[in-house]
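See below for the structure under consideration.
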Amino acid sequence: MEIIKVNASKEYDVIIGEGILSSLGERCVSLFGKNRAVIVTDSNVAPLWLDETKASLEKAGIDTLEFIFPAGEESKSKETLFELIEFMAENKLTRSDFAVALGGGVTGDMVGLASSLYLRGIEFVQVPTTLLAAVDSSVGGKTAVNLKAGKNLLGAFYQPALVLCDTLTLGTLPENIFADGMAEVIKYGVIFDKALFDKVSGGDVKLNIESIIARCVELKRDVVAKDEFDKGDRQLLNFGHTMAHSIEKCSNFEISHGSAVAVGMVIAAKASHALGWSDENCTQAIIDANKNNNLPVECDFAPHDLADVALSDKKRTGGTINFVVPQNMGECVLKKIPIEELYKIAEYK
Ligand code: GLY
């Protein structure tokens, strides 16, 4: 078992281990006392992990409520957010009560936002059940739902009180969902840690998954401690994400976030090398790592379309963006570029 302490506007532990879901109840009692919990989860995760979560809380003396919503990105909406908040209110949850986000990024982001809003803030616990949520979205306090105009546009920075990741929950993930999380793991390696990149680039990571998640969380902990509110270094975590957001949108969200990030990293590495922004050409290493981890390396969209979408995302012309450039494997930097350079970058798709 690994315990990583996050020091942001709130201090909390991220606990990673096999079979630790059964300890959730005791850990919550020591944090919040025997107050009530609303467990929030989706229709995919509920049949797999809800009973064990509920049993752990109830065994420790915590009364539980359940809020189950339809699985999928469509549920990451202001409608589901408000249904959840109304549910909390109907059940008279108080500020001493707390929420448990049991699931992937959609669940964690939405429960975090609901918790920040209801009664001006109640505590919440993240129990990530996807690799992507374990290494990225459950840690660091970014919470949000989508608006019609785009993803994650309604949100808040609001840190959880605890993150508990039972690696057994990853065992029930379909291979493509596991691969999505590996895109973010590879991303951490390219940005911060060549040794991590080397460890995961050959694929075949499942036996070491606990230490891999722990390393990603340590890296995220360090960047969040420096820049919780995303004004500087935290933006390094956007490596590969500028083009990834365009790829997701051009595919009408048929291409998953992780697959889009995988391709976005290849485009960013190729473009950075070709445009003379990188010291080392990291492209082939990233392509190999993606392939070995069942991730794509290219997409079919026209460069002009990718750039148009990226530009419309930024809603303006004539400005600049911070584009993440791999200097060397394990070291990325932010480069301020005119937004129109996105057309040049997209040529390397
Ligand atoms: N997912 C990127 C961040 O937390 O900043």
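The values are calculated or read from the model by the stated rules, or taken from the named source; none is laboratory data. Not measured: the values here are computed from a predicted model. Cβ placement follows ideal geometry from the backbone for every residue including glycine, while neighbour counts extend to all protein chains displayed.
Quick test of your reading of the structure: Ile39 fulfils all but one of (1) part of a loop (DSSP other than H, G, I, E, B); (2) in contact with a Lys or Arg (Cβ under 7 Å, 6 or more places away or on another chain). Name the failing condition by number.
Only one criterion is unmet by Ile39, namely (1).
For the stretch 239-265, what are the residues that are within 16 Å of the ligand (Cβ to nearest atom), β-branched (Val, Ile, Thr) and within 19 Å of Phe178 (Cβ to Cβ)?
Within the stretch 239-265, Val261 is the sole residue that qualifies.
Looking only at the stretch 50-60, how many residues end up being surrounded by fewer than 15 Cβ atoms within 10 Å (Cβ to Cβ) and in contact (Cβ under 8 Å) with a residue 24 or more places away in the chain?
Counting residues in the stretch 50-60 that are surrounded by fewer than 15 Cβ atoms within 10 Å (Cβ to Cβ) and in contact (Cβ under 8 Å) with a residue 24 or more places away in the chain gives 2.
Might you check whether a residue that is modelled with pLDDT of 95 or more, surrounded by 17 or more Cβ atoms within 10 Å (Cβ to Cβ) and basic (Lys, Arg) occurs anywhere in the stretch 34-49?
Yes, there is a match, as at least one residue in the stretch 34-49 is modelled with pLDDT of 95 or more, surrounded by 17 or more Cβ atoms within 10 Å (Cβ to Cβ) and basic (Lys, Arg).
Are there any pairs, at least 6 apart or on different chains, whose C-beta atoms fall under 8 Å, with the first in the stretch 215-232 and more than 14 Å from Lys187 (Cβ to Cβ) and within 11 Å of the ligand (Cβ to nearest atom) and the second part of a helix (DSSP H, G or I) and among the basic types (Lys, Arg), and if so, which?
Final answer for the pair search is Val224/Arg234; Asp227/Arg234; Glu228/Arg234.
Run down Gly171, Gly155 and say which single residue is out of contact with any Pro (no Cβ under 8 Å at 6 or more places or on another chain), part of a strand (DSSP E or B) and either under 18 Å from Val45 (Cα atoms) or within 16 Å of the ligand (Cβ to nearest atom) (or both).
Gly155
Evaluate the following for Gly258: is it in contact with an Asp or Glu (Cβ under 6 Å, 6 or more places away or on another chain), within 25 Å of Glu73 (Cα to Cα) and modelled with pLDDT of 95 or more?
yes
Hey, can you tell me all the residues within the stretch 61-81 that are free of Cβ contacts under 8 Å to residues at least 40 places away in the same chain and loosely packed, with under 15 Cβ neighbours inside 10 Å?
Selection gives Gly61, Asp63, Pro70, Gly72, Glu74, Glu79.
Determine which single condition His245 fails, assuming it passes every other condition in (1) farther than 25 Å from Val139 by Cα; (2) at pLDDT below 95.
(1)
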